[in-house]
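Let me begin by presenting the structure, written as structure tokens, before commenting on it.
The values are calculated or read from the model by the stated rules, or taken from the named source; none is laboratory data. This is a predicted model, so every value here is computed, not measured. Virtual Cβ from ideal backbone geometry, glycine too; neighbours counted across all protein chains shown.
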Amino acid sequence: MEKQRRIFIQQAGIVVAATALAPNVVWATTKPRKEKLGVALVGLGYYSTDLLAPALQLTKNCELKGIVTGSPEKIPVWKEKYGIDDKNIYNYENFDRIANNDDIDVIYVVLPPSMHAEYTVRAAKAGKHVWCEKPMAPSVADCEAMIKACKDNKVKLAIGYRCQHDPNIQAYMKVGKERPFGKVKMITSAAGYFDGRTNHWKQNKKLGGGAMGDMGVYALQGARLATGEEPISVLAQSFTTRPAIYHEVEETMMFQLEFPSGARAACHTSFGIQMNYLQVNYEKGWLKMEPHSSYGGNKGSMSNGTLINFPIASQQAKQMDEDATAIFNDQPMLVPGEEGLRDIRVVEAIYKSAANNCVVKL
């Protein structure tokens, strides 16, 4: 009996030692690493239908495995086009059952901004990683709740700033960091388009509408990314040329930013004006981008003759592939929740400034 006991202890010691030396061995044998992460799109509007779903067909590290929709009539179309299994189709009422679905690794929240916090928190509690479209949420409090939920549930959170994955945008961010032309002095940044719709969430305050939260974050990011700094004060003014449509939210917002280095930015965003450009004036030169935040074709030039023109097949595919790689390798997201929060802090200050016609310190 004593001999058998010694043999058992020796064998147990071997198992413990092997586990300590190779902690991934047990995980690898019980739960093999997937070749691709399964993504479920929550909300099947234009962005999911026309951009994200097609982009997922181009990715190497993830694939479209599920949908969440409140429109039953859309389900047959998506099933036929993308071969989605019935068990991977959810509505907003049974969404939480997704926790038990091993086909789904990532929830991509593509809903009106007012719903971002709720579905990010629910996705995190279901144990799924979260990709959330911009703007992150209508308020700082919502953003903080989203970040906390993901941290508490040990899942990753990325905000859908496709532009930060674009090598053309990364090029002007690099200039801001390396400063070959000296300090930034003045920035002009604009992002807007003419929206002819009259009954959309972008015109609905309760759903998180308004030009500033939607296109305005691109103009804001243009200034933030070009300086590599966070603004310390804002002065803003909003107006509309179509009050019958834009009576709850602004059609156009103009805002000025001051940065710690002394750099200043004049930014514009609108649902009534087509514009998409960035100009950065440095101590010893300049950089221009036009367009600077489009879905494709972003390009620019510098005063030293350098061109910025890196063709990219799909910003969304690159974004999702890189975010999937970060999940696979347990690395930080390129655009984490904290980046979305930084923008919304400024957005809140811009609205406060416009409402009170005053400078707001950050």
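Looking at this structure, is ASP321 over 17 Å from the mean Cα position of the chain (by Cα), closer than 25 Å to ALA40 by Cβ and either at pLDDT 95 or above or surrounded by 15 or more Cβ atoms within 10 Å (Cβ to Cβ) (or both)? No.
Taking the stretch 222-254 as the range and being closer than 29 Å to LYS288 by Cβ, outside any strand (DSSP E or B) and either among the aromatic types (Phe, Trp, Tyr) or in contact with a helix residue (DSSP H, G or I) (Cβ under 7 Å, 6 or more places away or on another chain) (or both) as the test, the residues that pass are LEU225, ALA226, THR227, GLY228, GLU230, PRO231, GLU250, GLU251.
For the stretch 137-144, the condition of being in a helix (DSSP H, G or I), free of Cβ contacts under 8 Å to residues at least 24 places away in the same chain and within 20 Å of LEU44 (Cβ to Cβ) holds for none of the residues. Sub-6 Å Cβ pairs linking a first residue in the stretch 207-219 that is farther than 15 Å from ASP195 by Cβ and not assigned by TED's automatic domain parsing to the domain that holds ARG264 to a second residue that is surrounded by 24 or more Cβ atoms within 10 Å (Cβ to Cβ) and among the charged types (D, E, K, R), at least 6 apart or interchain, number zero. Would you confirm, using the coordinates I've provided, whether TYR172 is of a type in the set (Phe, Trp, Tyr) and under 16 Å from the mean Cα position of the chain (by Cα)? In short, no. Here ARG197 fulfils each of the conditions (1) surrounded by fewer than 20 Cβ atoms within 10 Å (Cβ to Cβ); (2) in a helix (DSSP H, G or I) apart from (2). Inspect all residues belonging to the stretch 336-343 and state whether any of them is in a helix (DSSP H, G or I), of a type outside the set (Val, Ile, Thr) and free of Cβ contacts under 8 Å to residues at least 40 places away in the same chain. Looking through the stretch 336-343, none of the residues is in a helix (DSSP H, G or I), of a type outside the set (Val, Ile, Thr) and free of Cβ contacts under 8 Å to residues at least 40 places away in the same chain. Restricting to the stretch 265-291, name every residue that is of a type in the set (Asp, Glu) and either crowded, with 18+ Cβ neighbours inside 10 Å or farther than 17 Å from GLU229 by Cα (or both). If the condition is that a residue be of a type in the set (Asp, Glu) and either crowded, with 18+ Cβ neighbours inside 10 Å or farther than 17 Å from GLU229 by Cα (or both), then GLU290 is the only one that fits.
When residues of the stretch 145-162 are filtered for being touching a Cys at 6+ places or on another chain (Cβ under 8 Å) and in a helix (DSSP H, G or I), how many remain? Residues in the stretch 145-162 being touching a Cys at 6+ places or on another chain (Cβ under 8 Å) and in a helix (DSSP H, G or I): 1 in total.
The numbered conditions (1) under 23 Å from MET320 (Cβ atoms); (2) among the hydroxyl-bearing types (Ser, Thr, Tyr); (3) not in a helix (DSSP H, G or I) are all true for TYR218 except (3).
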